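The values are calculated or read from the model by the stated rules, or taken from the named source; none is laboratory data. Just so we're clear, the structure is a prediction, and the values are computed from it rather than from any experiment. Cβ coordinates were reconstructed from backbone atoms using ideal geometry, including for glycine residues, and neighbour counts include every protein chain displayed.
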Amino acid sequence: MNKNILDDATQKYIDANLNADVNKIVLAKSSFEKVSSVELAQQISAKKKVQKKLPTWYNTPKIYYPAPLSIEQTSSEVTAKYKSKLAKGNILIDITGGFGVDVYYFAQEIKKVTHVEYNKDLSQIAEYNASILNVKNISFYAGDGIEYLKTTSKSFDTIYVDPARRADSGKVFMLKDCTPDVVSNLDLLLSKSSRIIIKTAPLLDISAGLSELRNVSEIHIVSVKNECKELLWVIDSNTSEEIKLQAVTINDTEKTFSFLQHESNISATFIESVSPLDYLYEPDAALLKSGAFN
């Protein structure tokens, strides 16, 4: 983290060049002795990416942005705000903290939040931004989240994990192939908390996820403007009820369609006497992903 980027003159330059060609900025000589052209281009590119995705960050002066990949992988504000309502208790740990968007919203609901991030630079950036955003109930630790859980004597009311879906061979989609491997470490997670929230990519097949996990009590399928964004798997150590699926559509308003797992197998009944009308109505992406219309 190059703190010289936060100087007033550098920040003014970044804001003035949000619509500039970053490729030209990379090739040109930097106007600042202690900030390279590549760093300037990275800050400009990242800030442009968050304008709609993270408006709170975009509209807050002197936010420090990480590499573009971290911005791509982070939750949007609307989905982070939704998942914050799923946390329970007073103490939460995010063992894959990243840029810190999720913990920012968890901190609005939970008294004590811990952000663990393997990338030391990203951990430092998230901690700095939290101070700029005036959030004071988050503690930060740079290191491996699974190793942190293995060595700490603490327990938590909720553990949140967003496994990385990239490997040396490219993107992966099975949970066991992600980092950290929540499948192999599920016993550890449940020994530290009775409630686990796992975020996965929407491409993960629900039946495949259920075959890898246990103690799943809820699956939240979240879409924003008819684009399926994420699956949220809620694991409760004491669950004995049937799995509830919740298709959540976030547009100008938020709507939820809930049903139990066995209800997805109920066949639809068609009324033969109804003639075709003028329109074909397609369910929202979250509803389609949930399997409610199979």
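Is it fair to say Y65 is modelled with pLDDT of 95 or more and touching a helix residue (DSSP H, G or I) at 6+ places or on another chain (Cβ under 6 Å)?
yes
Find the helices (runs of 4 or more DSSP H) located wholly in the range 2-79 whose residues include 1 or more that are of a type in the set (A, V, I, L, M, F, W, C) and free of Cβ contacts under 8 Å to residues at least 12 places away in the same chain, and list them.
8-16, 22-27, 68-73
Inspect the range 107-123 for any residue being touching a strand residue (DSSP E or B) at 6+ places or on another chain (Cβ under 8 Å), under 16 Å from I63 (Cα atoms) and surrounded by fewer than 21 Cβ atoms within 10 Å (Cβ to Cβ) and give the result as yes or no.
no
Surrounded by 14 or more Cβ atoms within 10 Å (Cβ to Cβ), in contact with a Lys or Arg (Cβ under 6 Å, 6 or more places away or on another chain) and under 30 Å from A9 (Cα atoms): does that describe I71?
Yes, satisfied.
Tell me, which strands (runs of 3 or more DSSP E) lie completely within the range 131-216 with 3 or more residues that are under 22 Å from S290 (Cα atoms) and in contact with a Phe, Trp or Tyr (Cβ under 8 Å, 6 or more places away or on another chain)?
195-200
Can you say whether I132 is in contact (Cβ under 8 Å) with a residue 60 or more places away in the chain, in contact with a strand residue (DSSP E or B) (Cβ under 6 Å, 6 or more places away or on another chain) and either of a type in the set (V, I, T) or within 27 Å of I219 (Cα to Cα) (or both), as far as the supplied structure shows?
no
Applying the selection to the range 178-214, what residues are crowded, with 17+ Cβ neighbours inside 10 Å and under 15 Å from Q261 (Cβ atoms)?
Across the range 178-214, the qualifying residues are I206, G209, L213.
Within the group G89, G97, which residue is on the phi > 0 side of the Ramachandran plot and assigned by TED's automatic domain parsing to the domain that holds A126?
G89
From I221, I235, I198, which residue is touching a helix residue (DSSP H, G or I) at 6+ places or on another chain (Cβ under 7 Å) and either assigned by TED's automatic domain parsing to the domain that holds A164 or at pLDDT 90 or above (or both)? Lay out the reasoning, then the answer.
Values: I235 fails: touching a helix residue (DSSP H, G or I) at 6+ places or on another chain (Cβ under 7 Å); I198 fails: touching a helix residue (DSSP H, G or I) at 6+ places or on another chain (Cβ under 7 Å).
Answer to the selection: I221.
Could you grab the pairs with beta carbons closer than 9 Å, sequence gap of 6+ or different chains, first residue in the range 249-268 and on the phi < 0 side of the Ramachandran plot, second one at pLDDT below 75 and small (G, A, S)?
F257/A292; F259/A292; E263/A292; S264/A292
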